[in-house]
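One structure is given here, and the rest of the page talks about it.
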Amino acid sequence: MTTTGSPVSAPPVKQGGAAPRHKHVPSSREDRRRARRSRWYQRDVKWSPYGFVAPFFLFFGAFSLFPLLYTGWASLHKVSLTAPTDMEWAGLHNFTRLLEDDFFWNALRNTFSIGIISTVPQLLIALGLAHLLNYKLRGATFYRVAMLAPYATSVAAATLVFVVLFGRDYGMINWFLGFVGFDPVNWHEGMTSHFAISAIVIWRWTGYNTLIYLAAMQAVPKDLYESAALDGASRWQQFVHVTIPALRPTILFTVVVSTIGATQLFGEPLLFNPGGGANGGPAHQYQTLGLYLYEQGWVNLHLGRASAIAWMMFLILVLIALVNWLISRGMQKRELGRKTARRRS
């Protein structure tokens, strides 16, 4: 007995309804496109950060790393500025001759003297001004802009004004000293020239450091001051025991930056004696390392010796930075030890 099979009919479509949609199966071309996009996305996520920082490293290599290495290479050769491509191997002769030169040690002493005289008062004044500006004062924005005005003034303009102020015969400083009964001072001789040049540096950079300290002070939580006030601490005690400890990293930063600036001091002592050249006075009394480098390289045309001076300055800065780092590390360890002792007690 055979049965005749009837064809399977499609499911009935409801009246007014739409026919069922078949599931779309992507083609192999679309799969390839999606895979390609996924690979491009992964590459973009992986390599884009390197592309963003690449311009910095390109500029750093071209304008910092290459000059540093080339200067080190030139310091090992006898080379004149008139023929910079004609190099004669000299080894460490430029460095040994530099260490035997009395003018180098004189410039080093002058650099450290002016650096200390200008850096210490500058940072102390900046810290005090930042503490005052941290209070709610009328015209606070005006005072902040005024603090930055000396920094925006060119070195040449500021130095020429101070040259007039420190003039021996007609300077306003000597006029004031004579008015109160003191004899006039020759501000271009001996240590007095260091104080005069330091005054220019202090005037130019105090406002810059003030704003840095002010930004750091505004980041200190107000709860610390409120807790100190509840414990009976005065304004001065709050400043010493709350503000200063919170500003230690910022203070270390300004000390390092100011030290670097003092080591590279050039414009102020050069323009302090208009027409006197790079000798820093007739007795080299305020010739800094920057002036000594300029004199050897661009006046005496000894490019190899000037390169050796530049590398000596670089090594001095590295040594100073290392000392600052060790001091900072020691302070952090002592602070951590104090906190641990307080918790145990």
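Tell me, how many Å apart are the Cα centres for the range 219-239 and for the range 118-154?
22 Å
Considering only 314, 52, 266, give the residue with the highest GNM mean-square fluctuation for the chain, with springs between Cα atoms whenever their separation is below 10 Å.
Result: 52 has the largest fluctuation of those listed.
Semi-axes of the equivalent ellipsoid of the chain: what are they in whole Å, largest first, if each equals the square root of 5 times a C-alpha gyration tensor eigenvalue?
Taking √(5λ) for each Cα gyration eigenvalue gives 64, 36, 22 Å.
How large is the helix-only mean residue ellipticity at 222 nm for the chain, computed as the sum of -39500 (n - 2.57) over DSSP H runs with n ≥ 4, divided by its residue count, in deg cm²/dmol to the nearest 500?
Mean residue ellipticity, 222 nm, calculated: -22000 deg cm²/dmol.
Just the number: Rg to Rh for the range 118-209, Cα atoms, Kirkwood Rh, two decimals.
Ratio of gyration radius to Kirkwood radius: 1.05.
Counting only residues 5 or more places away or on other chains, whose amide H sits under 5 Å from the amide H of residue 77 once H atoms are built in the peptide plane?
Those qualifying (amide H under 5 Å, at least 5 residues apart or on another chain) are 90.
For q = 0.11, 0.13 Å⁻¹, what log10 I(q)/I(0) does the range 102-301 give under the Debye formula with an equal point scatterer on each alpha carbon and no solvent?
With one equal scatterer per Cα and no solvent, log10 I(q)/I(0) is -0.62, -0.80.
Over the chain, calculate the relative contact order: mean separation of alpha carbon pairs under 8 Å at least 6 apart, over the residue count, as a percent.
Relative contact order comes out at 24 percent.
Quickly rank 293-306, 330-343, 231-244 as a protection proxy: mean count of other C-beta atoms within 10 Å, highest first.
293-306, 231-244, 330-343
Hey, could you pull the Cα Rg and Dmax for the range 47-181, both in Å?
In Å, with Rg to one decimal and Dmax whole: 23.9, 72.
Taking only Cα atoms and a 10 Å spring cutoff, compute GNM fluctuations for the chain and point out the largest among 267, 167, 61.
Judging by the Gaussian network model, the answer is 61.
Given Cα pairs under 8 Å that are at least 6 residues apart, what percent is the relative contact order of the range 102-301?
Dividing the mean separation by the residue count of the range 102-301 yields 34 percent.
I need the peptides 107-116, 73-82 ranked by packing, meaning the mean over residues of other C-beta atoms within 10 angstrom, with the highest value on top.
107-116, 73-82
What whole number of Å gives the distance from the Cα centroid of the range 37-112 to the Cα centroid of the range 275-345?
With the range 275-345 and the range 37-112 each reduced to a Cα centre, they are spaced 17 Å.
Read-outs throughout are calculated quantities, based only on the coordinates presented, and are distinct from any laboratory measurement. The shown structure was predicted, so the numbers you read here are calculated from the model rather than taken from an experiment. Cβ coordinates were reconstructed from backbone atoms using ideal geometry, including for glycine residues, and neighbour counts include every protein chain displayed.
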